[in-house]
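Participant: Take a look at the following structure, please.
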Amino acid sequence: MKSGDNTFSVEQPEESSGFLLWRVTNLWQREIRKALVPHGITHSQFVLMASAHWLALQGKEVTQVLLSDHTDIDPMTTSTVLRTLQQKGLVVRKEHATDTRAKTVALTEKGKEVIKKAVVTVETFDTRFFTVPRLNTGDFNKMLLSLLGRNETKP
């Protein structure tokens, strides 16, 4: 860098892990949005539907709060996205049986059909996107989990 006013600790943008992660994340999000178009859902809708389906398969009582915590999508956004999914006939929200402040969430039959197909699409896409020669995906995922665990700022 020629400028005497270099604020950066790197000589090239490619030396910045944060900048590279930003670019990869944007590329992945852009491409995943395209992959989901045939299913008629956005990526946020996919994440909430897939999480609701996953949690239900694990025998959990799925609530908006649980979905928000599970996905790291803030509660207001979770509620807004779920409302849209409800209008599309993909989820139902009901008052919780014992907690008047909570709402339970379940996929409709139509929602289950959509998410099962969308999961196959996303998993196929992710496998293609993240398969790089000499990159062990399991190790890569462990590194990402390590970063998430170390930098988690939940109360």
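The values are calculated or read from the model by the stated rules, or taken from the named source; none is laboratory data. Since the model is a prediction, treat every value here as computed from it, not as a measurement. Note that each Cβ is placed from the backbone with ideal geometry, even for glycine, and that neighbours are counted across all protein chains shown.
Participant: Using beta carbons and a limit of 8 Å, which pairs, at least six apart or on different chains, have the first residue in region 9-27 and without any contact (Cβ under 8 Å) to a residue 12 or more places away in the chain and within 22 Å of residue 131 (Cα to Cα) and the second one acidic (Asp, Glu) and assigned to a helix (DSSP H, G or I)?
Facilitator: Within 8 Å, the pairs are 20/14.
Participant: Given the condition in contact with a helix residue (DSSP H, G or I) (Cβ under 6 Å, 6 or more places away or on another chain), in a strand (DSSP E or B), farther than 18 Å from residue 36 by Cβ and not hydrophobic (A, V, I, L, M, F, W, C), answer yes or no: does some residue in region 75-89 qualify?
Facilitator: no
Participant: Which residues, counting only those in region 1-34, are within 14 Å of the chain's Cα centre (by Cα) and either of a type in the set (Asp, Glu) or farther than 16 Å from residue 71 by Cα (or both)?
Facilitator: Across region 1-34, the qualifying residues are 25, 26, 28, 30, 31, 32, 33.
Participant: Scanning region 16-58 for residues that are of a type in the set (Val, Ile, Thr) and part of a helix (DSSP H, G or I), which turns out surrounded by the most Cβ atoms within 10 Å (Cβ to Cβ)?
Facilitator: Looking at residues that are of a type in the set (Val, Ile, Thr) and part of a helix (DSSP H, G or I), I get 47.
Participant: Select from region 67-102 the residues that are of a type in the set (A, V, I, L, M, F, W, C) and modelled with pLDDT of 95 or more and list them in ascending order.
Facilitator: Answer for region 67-102, where residues must be of a type in the set (A, V, I, L, M, F, W, C) and modelled with pLDDT of 95 or more: 67, 73, 76, 81, 82, 85, 90, 91, 92.
Participant: Among the residues of region 126-144, how many are of a type in the set (Asp, Glu) and exposed (fewer than 11 other Cβ atoms within 10 Å of the Cβ)?
Facilitator: Going through region 126-144 one residue at a time, the tally reaches 1.
Participant: For region 94-125, how many residues are assigned to a strand (DSSP E or B), buried (at least 16 other Cβ atoms within 10 Å of the Cβ) and not polar (S, T, N, Q)?
Facilitator: Final tally of qualifying residues: 3.
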